[in-house]
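Student: The structure is given below, and queries will be raised subsequently.
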Amino acid sequence: MDINARLALCYQPVARELEAARAIVAGFWRDALALVPSQSETAPASPPSGKGLRPALCLMAAGVCGVNNLSDYAPMAAAFEALHLASLAHDDVIDRAMTRRGGVSLNAMWNNHAAVLGGDYLVARAIETLAEFGDCGIVSQAVSTVRRMAEAELAFFGLPLEKATLDKPLNLARGKTASLFAAACSAPARAEGRSEEQDALETYGMALGMAFQLTDDLLDLGGDPERMGKPVCQDVEEGKPTYPIVLLHDRLGEPDRAIFRSFFGRPIDPGERQWILDRVYELGIIDYVRGTAERYIEEALDALEPFRESPFLRSMRIICEIVMDRDR
């Protein structure tokens, strides 16, 4: 069974509410398109669909907190997905990406200026939606998350490979990816006034987000190009010192280290790509990074221990397995 099929089964306890959240996000998207009438006719009617992890986790977290009417939390789940989509829109501008999730990216559809504004619009709609819950703490948490995402990117900006240490990409993962997972998971408990559950769910989300980012980075060096829909070693070509790339650089001796740096930030040919992959396997990079991700998964699972058994809790555990089994 592929990842998407496993996720669909995993999402069953929140399937109806997740669809409602997706409909809200689609409404944000249509509202944004309506502001650019010259482009709205050719643009897709809904945003590119991803795995939906953040909104699903938000709803599952509400479930493990004992919320009776999960549909009340569909807008909150939508808000966190909108924040994620906004970050992707900004990423595509930075990376000059022309596609996103198999569709056209906002910057390719419009231009960089409009794509940045589109991302800003989604952030505003997300914060506005969270404010409707009437809890300043929820809004403050979301704003702090956006700040952490921006700070992490700025601290990482222009970092040369030779000056990158392993803590740098981990800090990026913590600020840019894991903080949003943590916010999505803990916000329902905050809204319900469940402080102990909030802390546990924040720990779960942070640890799961770290594992998610590490496995995502690892796919670039050890994934199946056909399943991913893109060639491996793209992060090398784009000059991104991810955790496995920094680890590989650290473990290489000279002159291989200098050779590897010469590939960084430029197109590489098939022979150079194979040179990198050979050393990835020779130096045990995949096993080491997977081991690091597995330790975060153990932390995430431990954080779920205080909760009563339920379909929501089982799904949150299964998501930990799925993150480790990702192939795209």
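Student: Looking at Glu272, is it under 30 Å from Arg317 (Cα atoms), touching a helix residue (DSSP H, G or I) at 6+ places or on another chain (Cβ under 7 Å) and among the acidic types (Asp, Glu)? Explain how you work it out, then say what you get.
Tutor: Values: under 30 Å from Arg317 (Cα atoms): no; touching a helix residue (DSSP H, G or I) at 6+ places or on another chain (Cβ under 7 Å): yes; among the acidic types (Asp, Glu): yes.
No: the conditions fail for Glu272.
Student: Here's something else I'd like to know. Checking Pro241 against (1) part of a helix (DSSP H, G or I); (2) more than 20 Å from Glu305 (Cα to Cα); (3) modelled with pLDDT of 95 or more: exactly one of these is not met. Which one?
Tutor: (1)
Student: From Glu153, Glu162, Glu192, which residue is more than 30 Å from Arg261 (Cβ to Cβ) and among the acidic types (Asp, Glu)? Before the answer, list the steps.
Tutor: On the way: Glu153 fails: more than 30 Å from Arg261 (Cβ to Cβ); Glu162 fails: more than 30 Å from Arg261 (Cβ to Cβ).
Going through Glu153, Glu162, Glu192 in turn, the sole match is Glu192.
Student: I've got another one for you. Name the single residue, out of those in the range 249-287 being assigned to a helix (DSSP H, G or I) and β-branched (Val, Ile, Thr), that is nearest to the chain's Cα centre (by Cα).
Tutor: At the first step, the residues of the range 249-287 found to be assigned to a helix (DSSP H, G or I) are 249-251, 256-263, 270-282, 285-287.
Within this subset, residues satisfying the condition of being β-branched (Val, Ile, Thr) are 259, 276, 280, 285-286.
Values: Ile259: 31, Ile276: 25, Val280: 24, Ile285: 22, Ile286: 20 Å.
Taking the candidates together, the pick is Ile286.
Student: Right, here's the next one. Can you tell me which residue in the range 241-252 is farthest from Gly291 (Cα to Cα), limited to those that are surrounded by fewer than 20 Cβ atoms within 10 Å (Cβ to Cβ) and free of Cβ contacts under 8 Å to residues at least 40 places away in the same chain?
Tutor: Selected residue: Leu252.
Quick grid of which residues meet (1) without any contact (Cβ under 8 Å) to a residue 40 or more places away in the chain; (2) farther than 19 Å from Tyr243 by Cβ; (3) under 16 Å from the mean Cα position of the chain (by Cα); (4) part of a loop (DSSP other than H, G, I, E, B):
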{"site": "Val289", "(1), (2), (3), (4)": "no, no, no, no"}
{"site": "Ala293", "(1), (2), (3), (4)": "no, no, yes, no"}
{"site": "Glu299", "(1), (2), (3), (4)": "no, no, no, no"}
{"site": "Phe307", "(1), (2), (3), (4)": "no, yes, no, yes"}
{"site": "Phe312", "(1), (2), (3), (4)": "no, yes, no, no"}
{"site": "Ser315", "(1), (2), (3), (4)": "no, yes, no, no"}
{"site": "Ile322", "(1), (2), (3), (4)": "no, yes, yes, no"}
{"site": "Arg326", "(1), (2), (3), (4)": "no, no, yes, yes"}
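Student: Then there's this: Taking the condition under 25 Å from Ala182 (Cα atoms), buried (at least 23 other Cβ atoms within 10 Å of the Cβ) and modelled with pLDDT under 80, does Pro47 pass? Full working, then the answer.
Tutor: Values: under 25 Å from Ala182 (Cα atoms): yes; buried (at least 23 other Cβ atoms within 10 Å of the Cβ): yes; modelled with pLDDT under 80: yes.
Yes: the conditions hold for Pro47.
Student: How about the range 118-175: which of its residues are acidic (Asp, Glu), over 18 Å from Leu214 (Cβ atoms) and assigned to a helix (DSSP H, G or I)?
Tutor: Going through the range 118-175, the residues acidic (Asp, Glu) turn out to be 120, 128, 132, 135, 151, 153, 162, 167.
Those still in the list that are over 18 Å from Leu214 (Cβ atoms) too: 120, 128, 132, 135, 151, 162.
Passing the criteria: Asp120, Glu128, Glu151, Glu162.
Student: May I ask you to list the residues in the range 253-271 that are surrounded by 18 or more Cβ atoms within 10 Å (Cβ to Cβ) and within 23 Å of Tyr288 (Cα to Cα)? Give the steps one after another, and end with the answer.
Tutor: In the first step, residues of the range 253-271 are kept if they are surrounded by 18 or more Cβ atoms within 10 Å (Cβ to Cβ); the result is 260, 263-264, 268.
Across the range 253-271, the qualifying residues are Phe260, Phe263, Phe264.
The values are calculated or read from the model by the stated rules, or taken from the named source; none is laboratory data. Please read all numbers here as calculations on a predicted model, not as lab measurements. Note: ideal-geometry Cβ built from the backbone for every residue, glycine included; neighbour counts use all protein chains shown.
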